Amino acid sequence: MIEKKNKLFDQIKNANNILISAHVNPDGDAVGSSFGLAHILRNMGKNAYVVENDKFPKNLEFMYDETIYFNNQFEEIDLFIAIDSADILRIGNSVEFFNKSKDTAVIDHHITNEGYSNNDIIYLSSSACEIVAETFMENNINIPQKAADYLYLGILTDTYRFQYSSSTSDTLRTAADLIDLGARKDFIHDNLYERFDPNYLFLQAEVIENATWIGDKIITAKISRDLMNRYNMDFDEAEGLVSLLRTIKGVEVSAIVKEYTETEQKLSFRSQNIVDVSEIAKEFGGGGHTRASGATVKGTLDEVFEKLNNRLEKLYENGNLGNK
């Protein structure tokens with residue numbers, strides 16, 4: 001991995017115009033890693049921008065910075081860096097710029113990522129933000145305060161406030177280093193976790209009330225667009241619901257189906273200690289991490305929800321979860 005990281009710095013050194021893209025339907029790690037990397041590269045004197053391949057998450061509006069987005073500031077692309085994206089399809093319409101770029105790199109922490117660039121920096125970590133932070137810190141490259149904000153944001157959200165097993169002592173040390181560099185811990189925490197819209201609390205209650213139990217260790221829920229509209233909320237604001245279900249006493253696996261369109265659904269999986277949900281996500285055409293994964297599936301909300309429940313029910317058959 002050291003050789004690949006050294007190659008990345010050679011790629012950056014030889015590039016002036018650099019584009020970055022995270023995955024569509026961005027979360028905190030996607031925003032944090034792409035925006036944070038852009039600020040680092042700008043601080044190094046590069047023309048670095050993030051491709052806006054999807055709308056900015058409403059729950060992260062307090063971190064929005066339109067000056068980071070690419071708006072045809074240059075024509076020739078020297079380097080394209082795909083970040084926090086397990087395969088090339090996940091970068092959406094950014095692939096147009098990826099294909100035009102003179103050079104490409106990938107920075108990712110998804111174990112299902114098989115690589116798709118000239119330089120694939122992929123290894124298990126809490127988040128793409130942790131990889132970015134440690135990569136530049138290891139090489140004594142300055143991380144400006146704005147970048148520290150974004151990188152801390154991504155680590156915090158992708159570890160569910162440092163609660164997932166992916167949070168190691170190195171993760172906590174990296175977060176502490178980012179705070180020392182000026183990351184506004186209290187500002188980020190307050191905006192994420194201390195200022196809930198009352199509608200979100202009502203939504204939580206309804207989702208829990210109507211959730212489906214499969215035995216006593218698996219819980220699933222479906223969230224329709226009508227439900228979200230009733231509470232005047234976007235799906236990115238409900239990102240934490242699948243993790244909330246996982247915290248219910250006795251639950252090993254939680255899963256949610258979100259109605260993206262009438263014929264396409266988003267699946268989110270979480271687990272506690274036993275089940276590798278990335279393997280289940282793969283079966284649905286997705287991927288991710290051992291304890292947190294996702295997929296996009298064709299079909300109606302009810303169709304996909306039935307398929308999901310049928311698959312999860314089989315987890316009892318291998319004996320790992322005991323009897324239903």
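The values are calculated or read from the model by the stated rules, or taken from the named source; none is laboratory data. Predicted, not measured: the structure shown is a model, and the values here were computed from it. Cβ placement follows ideal geometry from the backbone for every residue including glycine, while neighbour counts extend to all protein chains displayed. Just the protein is used for accessible areas: all its heavy atoms, side chains included, with ligands, DNA and RNA removed. Shrake-Rupley method; radii C 1.70, N 1.55, O 1.52, S 1.80 Å.
Just going by the charge dipole of the chain, with Lys and Arg at +1 and Asp and Glu at -1 on Cβ, which of TYR260, THR174, TYR64 is farthest out on the positive end? Final value for the positive-end residue is THR174.
Counting only protein heavy atoms and using a 1.4 Å probe, the accessible area of ASP216 comes to about 80 Å².
Take every DSSP beta bridge with both residues inside the chain and express the antiparallel ones as a percent of the total, to the nearest 5.
If we restrict to bridges inside the chain, about 45 percent are antiparallel.
Sparsely packed loop sites in region 111-147 (the GluC sites (Glu not before Pro) outside DSSP H, G, I, E and B with at most 14 other Cβ atoms within 10 Å) comprise GLU114. Placing +1 on the Cβ of every Lys and Arg and -1 on the Cβ of every Asp and Glu, with no other charges, gives region 227-285 a dipole of roughly 280 debye about its Cα centre.
Label point of LEU89 set 7 angstrom out along Cα-Cβ; within region 238-261, amide nitrogens under 19 Å from it belong to 257-261. Which entry is the computed volume of the Cα convex hull per residue in Å³ for this structure: (i) 199; (ii) 130; (iii) 167? Read-out from the structure maps to (ii). For region 215-251, the list of trypsin sites (Lys or Arg not before Pro) that fall in a loop by DSSP and count at most 14 other C-beta atoms within 10 angstrom reads LYS249. In this view, the solvent-accessible surface of PHE97, computed with a 1.4 Å probe and all protein chains in place, comes to about 40 Å². Sort out for me the Cα centre separation of region 155-234 from region 236-277, rounded to whole Å. Each part reduced to its Cα centre gives a spacing of 11 Å.
Here the Karplus relation 6.51 cos²θ - 1.76 cosθ + 1.60, evaluated at θ = phi - 60°, turns the backbone of region 82-89 into coupling constants of 8, 10, 6, 10, 5, 8, 5, 5 Hz, with x for every Gly and Pro. To the nearest 10 degrees, how steeply does helix 198-209 sit against the main Cα axis of the chain, on a 0 to 90 scale? Computed tilt is about 50 degrees. In region 172-270, the DSSP beta bridges split such that about 60 percent are antiparallel, to the nearest 5. Just checking the listed ones, GLY215, GLY154, GLY288: in the Gaussian network model of the chain with Cα springs under 10 Å, the one fluctuating most is GLY215. Principal-axis analysis of the Cα atoms of the chain puts helix 28-43 at an angle of about 0° to the longest axis. In degrees from 0 to 90, rounded to the nearest 10, what is the angle of the helix 2-13 Cα long axis to the longest principal axis of the chain? That helix lies at roughly 60 degrees to the long axis. Solvent-accessible area of THR171, all protein chains in place: 0 Å² (probe radius 1.4 Å, heavy atoms, ligands and nucleic acids excluded).
Below 15 Å Cα-Cα, how many Lys pairs turn up in region 1-157? Only count pairs eight or more apart in sequence, or on different chains, if you could. Present the calculation step by step, with values, prior to reporting the outcome.
Numbers: LYS4/LYS13; LYS5/LYS13; LYS7/LYS102; LYS13/LYS46; LYS13/LYS102.
Close lysine pairs found across region 1-157: 5.
Each Lys and Arg contributes +1 and each Asp and Glu -1, all at the Cβ; summed about the Cα centre of the chain, the dipole is approximately 380 debye.
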